[in-house]
């Protein structure tokens, strides 16, 4: 089947992949658009790790407002080209990340950003908890290691369970997006605002609200 420029353009618009990659995928799939998308995704997953050293200086600063203005999120997500930044797939990823931040309220972007003094304090608290539970000293350190991992999963965005699929972490979602889009993607920074934060107020279940809106 002859692969036309229009077909290549359609596949590139759907996936954000490079022109030559799109043409190759369409050729391999004999013009089947859905198979070509799958081929690009499979190739991307294998190549995603190779993109770690590439420069991602384009992207979007995405804004998300929830609950009639009660929660607001600004997140900067970087990619390699302005073309990809304007695709529906990239914008959808940015929205998912912003909703994750709104719902799960991560304190840090990644575990490497947790200050040493915070970790040491957390370890000491966990150590005392384990001892108070009557755990033998020799297994306390192993328990602390496991509980610190739980701390990371609760407090670090990239380690958190993805709100739309608890079988995946946010990092896995980003890696899959790299595979699908074909460019390096980084969550660079974010800010979360909550109306009345720091003031005395009732405790609402924002996670449930954001999840309901996500559906």
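Every read-out reported here was derived from the displayed coordinates using simple, explicitly stated rules and does not represent laboratory data. Quick caveat, the model's predicted, so the values are computed rather than measured. Neighbour counts are summed over all protein chains in view; Cβ atoms, including those assigned to glycine, are modelled from backbone coordinates with ideal geometry.
Worth a mention:
- Only helices enter this figure: runs of n ≥ 4 DSSP H residues, each worth -39500 (n - 2.57), summed and divided by the residues of the chain, yield -16500 deg cm²/dmol at 222 nm to the nearest 500.
- Here the Gaussian network model covers the chain, with springs between Cα atoms less than 10 Å apart; of 139, 178, 71, 139 fluctuates the most.
- Most mobile listed residue (107, 98, 130) in the chain, GNM with C-alpha springs under 10 Å: 130
- Sites residue 108 and residue 1 - FRET efficiency at Förster radius 45 Å, r taken between beta-carbons, to 0.05: 0.35
- Selected from 162, 151, 90 as most flexible by GNM, with the chain as the system and alpha-carbon contacts under 10 Å: 151
- Axis of helix 137-155 versus longest Cα principal axis of the chain: the two differ by about 50°, to the nearest ten degrees.
- Kirkwood hydrodynamic radius (C-alpha pairs) into Stokes-Einstein, the stretch 115-154, 10 °C and 1.306 mPa s, D in µm²/s: 156 µm²/s
- Label positions at residue 57 and residue 19, each projected 7 Å from the Cα along the C-beta direction, are separated by 2.3 nm.
- A Förster radius of 30 Å combined with the Cβ-Cβ distance from residue 83 to residue 193 puts the calculated FRET efficiency at roughly 0.45.
- Helix 116-132 vs. the chain, principal-axis angle (Cα, 0 to 90°, nearest 10): 50 degrees
- Helix axis angle, 170-181 relative to the chain longest principal axis, alpha carbon, degrees: 10 degrees
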